[in-house]
Amino acid sequence: MSQELRKTVRINTLYEIVDDLDYYQLLKQKTNCKQSSIAPAFQLQSKALHPDNAPSALKDKANYIFTAINEAFRILKEPQNRLEYDGLLKNGVIRVEDTALRSGSERSSANDPSKAAQTEQSKKYWLMGLSDMDAERYDSAVMNIKFALQFERENEVFQEWLEKAQKAAQEAPKKEKNPFKIRL
Amino acid sequence: MSLAVGIDLGTSNSVVSYFDGDKVQTIADKEGRTIHPSVVAYGYGNTTVVGYRAKQQMSYAPENTISSAKRLIGQHFDSPEIQRIRKLTSWGIVKGIHNDARIRVQGQIYTPQEVSAHVLIHLKKTAEEALHKPVNQAVITVPAYFNDQQRQATRDAAEIAGLECLRILNEPTAAALAYGHQNKTTQHIAVFDLGGGTFDISILRIKDGFYEVLSTAGDTFLGGDDFDWAITEELIRQVKQHHGLDISKRYVAQAKLRKAAEEAKITLSTEPTAQLAIPSLTRNKNGEMIHFQHTLNRRDFRALATPLIDRCIEVVSKAIQEAQLSTLQVENCLLVGGMTRTPLIREAVEKFFGRTPISSLNPDEVVSVGAAIQAYNLQHQNNETVLLDVTPQSLGVATQGGFISTIITKNTSIPVEQSQIFTTTRDNQTEVRIKVYQGESGKTKENTFLGDFVLKDIRPALRGEIEVRVTFQIDADGILQVSAKNEETGSAVSMYIEEANKLSQSEKNNLKETVYEESS
Ligand SMILES: Nc1ncnc2c1ncn2[C@@H]1O[C@H](COP(=O)(O)OP(=O)(O)OP(=O)(O)O)[C@@H](O)[C@H]1O
Ligand SMILES: [Mg+2]
């Protein structure tokens, strides 16, 4: 088979099954692979499947496939995220919305709520509360924000979010327990 | 077959290169020059000249001579940057029908896209003359920190010029590609690009033809022009002090000072002092001619330049942080752009990274060389090279109270798809308007508005009951598509953001005709 033909077949086949592949399968790795083998695996898959290198007629399909591969690398390259993902994978979740995984990290906005904590003690609970909110774990958010408030009773941002969290917890009593949003 | 070239469409200068799979060639005009001023001069009637001839006209007819159109492209008229440069240009800047910034010369209004199209046509013709073949496709570079609108406006300029834009490529990424083409070692590299109008820094990892951008940061209003203005302002103060005359409203005199300021800046790159002499600068209130003379030394220049250099270094440290690296892990630093010939800047970069920057590549040509290589790769689907770039700025949607909910954070590798669920905010709400913004501030007011659309026919219900999933997709071309889906009914709407800001097809067709008329 010519290289071009092999590529066409590979892209067409992958396109059919890509939605059912987990991040390890997308990178052609075993679930227990070494952390250091993730990046090289991603590089190999990139060379093989990046849409820029796909035949013109298959660009859209390649783009779809490679978006998933890129996502796999984004999650698995961070050991902490990988660990959380491994837990989910055991429960059959193959793709995650990584907004939830991302929420703990700094965001650079002027009125970023994650900067609202003034003390080290409150900050810890506050950030947990915020990531609970992001992941729609409202009960847990209420608890964490209350903890944060114990260290900083006057913090208006905390108070405001506590209200939001309590309301959300009431309104959405039977939300899925899963901390991540599952893709369609 | 028509050829595909790489074009560095710069604020001050543009460069075009061609890669045939074997050798890269930076294309020279008949006089042997490879760097073409991005200047367009409108003459009387329908004539225009571009490049060196236009630049010559700058000092005697500044009001008809457009330089730095790139600073206006894809900008809102109301933006603070535009309002600031309005005061500095010798031609008018007016508001266009899309609230865009347009240029007024001799009572005629031009879009920055048209002006850039003139430059592109000039480059296309130069390339065709040198290569003896038609050139119909190009990879065109833009500052990495350009937002979506500025990129789209650049695509429009290409279309008006009759060039198929194969890809909008980030300038520092292009430079890294040119570097990696020569140097095959695995490494982290920082590309420091200070040109005429913009500053970019990108941090990349290069390994066996695999180019991964780890982070990028920049300032689209920080470049050589600003150093020139800082010197010009000093010269205006000198004129006032020694001749008692305020010339801040005299554009011809100011244009002369500005030209002298740039020359002095360039002289100071190699000499300890620069002599400025402008005979017949302007007339004073008594009608006597002023002959202006001044000496600028490196110490004076340092004082004027330091605040600007500090701004660059601040941006660099942000990028390093975003890449989750320390300066020690960055093995090499590549300097790009004419301004990096200034010793003060080399010093600042060297001090920051603790190593001597690479100087084996021509800082003026390297961006277009990278673009040419990418043009070849895209045309031939070369399997040896992969370029993974990132979104330079965060993307999100407006939520209640003028805040932004970020959906794709800056420095995320593309292509990417991410989504978030929103709920209705009012009881019995039957439609939701999705407003898309770009930028790092959490407030809509401080970010760039990209476009909006409406998801209709929502079942009347209590607020918070109906869920809408908003999905952002960016493909490998960097084109953003936003969609909203009613999770209850499955009905969805989507839009390509580029269409929101584009000049309409009829506008573009009209421009195509006029631009070709003028340049023939
Ligand atoms: N020898 C030199 N020393 C100092 N500055 C220089 C020198 N040569 C050129 N410059 C300055 O470099 C700038 C132009 O650089 P360059 O041609 O790289 O910019 P550009 O590509 O047109 O702009 P941009 O990349 O911002 O769109 C001008 O401000 C010019 O004055
Ligand atoms: Mg440049």
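All of the numbers you see were taken from the coordinates with simple rules; none came from a lab. Computed from a predicted model, the values in this text were never measured in an experiment. Positions of Cβ are generated from backbone atoms using ideal geometry, with glycine treated the same way; all protein chains shown enter the neighbour counts.
Annotations
- For chain B, the relative contact order is 15 percent, taking Cα pairs closer than 8 Å that sit 6 or more residues apart in sequence and dividing their mean separation by the residue count.
- Lysines whose Cα lies under 18 Å from that of A:Lys30, excluding same-chain neighbours fewer than 8 positions away: A:Lys77, A:Lys90
- Cβ-defined net charge surrounding B:Val436, 11 Å radius [Lys, Arg +1; Asp, Glu -1]: 0
- Annotation for B:Lys95 and B:Gln108: the two label points, set 7 Å from Cα along the Cα-Cβ direction, are 2.5 nm apart.
- Contact order for segment B:224-303, expressed relative to its length and based on alpha carbon pairs under 8 Å spaced 6+ residues apart, stands at 24 percent.
- Approximate spin-label separation A:Lys164-A:Gln121, in nm, with each point projected 7 Å along Cα-to-Cβ: 2.5 nm
- Interchain or long-range residues, amide H under 5 Å from B:Glu488's placed H: B:Glu467
- Taking all Cα-Cα distances within chain B, those exceeding 44 Å account for 17%.
- Segment B:Val493-B:Val252, extension gain: residue separation times 0.36 nm, minus the distance between their alpha carbons: 81.5 nm
- Residue-averaged beta-carbon neighbours from other chains (10 angstrom radius) around B:383-389: 5
- Annotation note: trypsin sites (Lys or Arg not before Pro) in segment B:254-291 located in DSSP loop regions with a Cβ neighbour count of at most 11 within 10 Å are B:Lys285.
- Radius 13 Å from Cβ of B:Trp91, net charge of other residues (Lys, Arg +1; Asp, Glu -1): +4
- Applying 1/(1 + (r/R0)^6) with R0 = 35 Å to the Cβ-Cβ distance of B:Thr295 and B:Glu331 gives a FRET efficiency near 0.25.
- Those lysines that a straight Cα-Cα span of less than 21 Å connects to B:Lys485, excepting residues fewer than 8 apart in one chain: A:Lys175, A:Lys181, B:Lys435, B:Lys456
- Note on B:410-419: average number of Cβ atoms from other chains within 10 Å of each residue's Cβ is 5.
- Taking chymotrypsin sites (Phe, Trp or Tyr not before Pro) in DSSP loop conformation with at most 11 other Cβ atoms inside 10 Å as exposed sites, chain B has its longest uninterrupted site-free stretch at B:61-520.
- Using distinct alpha-carbon pairs, which all enter the 1/r mean, Kirkwood radius of the protein assembly as shown in Å: 27.4 Å
- Applying a DSSP loop filter and a limit of 12 other Cβ atoms within 10 Å to the trypsin sites (Lys or Arg not before Pro) in segment B:439-498 leaves B:Lys456.
- Per residue of peptide A:40-53, the mean number of Cβ atoms on other chains within 10 Å of the residue Cβ is 5.
- Using a Förster distance of 56 Å, the FRET efficiency for B:Ala303-B:Arg433 (Cβ separation, nearest 0.05): 0.65
- Computed over the protein assembly as shown, the per-residue total of -39500 (n - 2.57) for DSSP H runs of n ≥ 4 gives a 222 nm mean residue ellipticity of -12500 deg cm²/dmol, rounded to 500.
- Cα gyration tensor shape for segment B:315-423, rounded if a/c is under 1.5, else prolate or oblate: oblate
- Over 24 Å (Cα to Cα) - which of B:Lys23/B:Lys512; B:Lys87/B:Lys125; A:Lys146/A:Lys167; B:Lys318/B:Lys351; B:Lys259/B:Lys351 fall in this group: B:Lys23/B:Lys512; B:Lys87/B:Lys125; B:Lys259/B:Lys351
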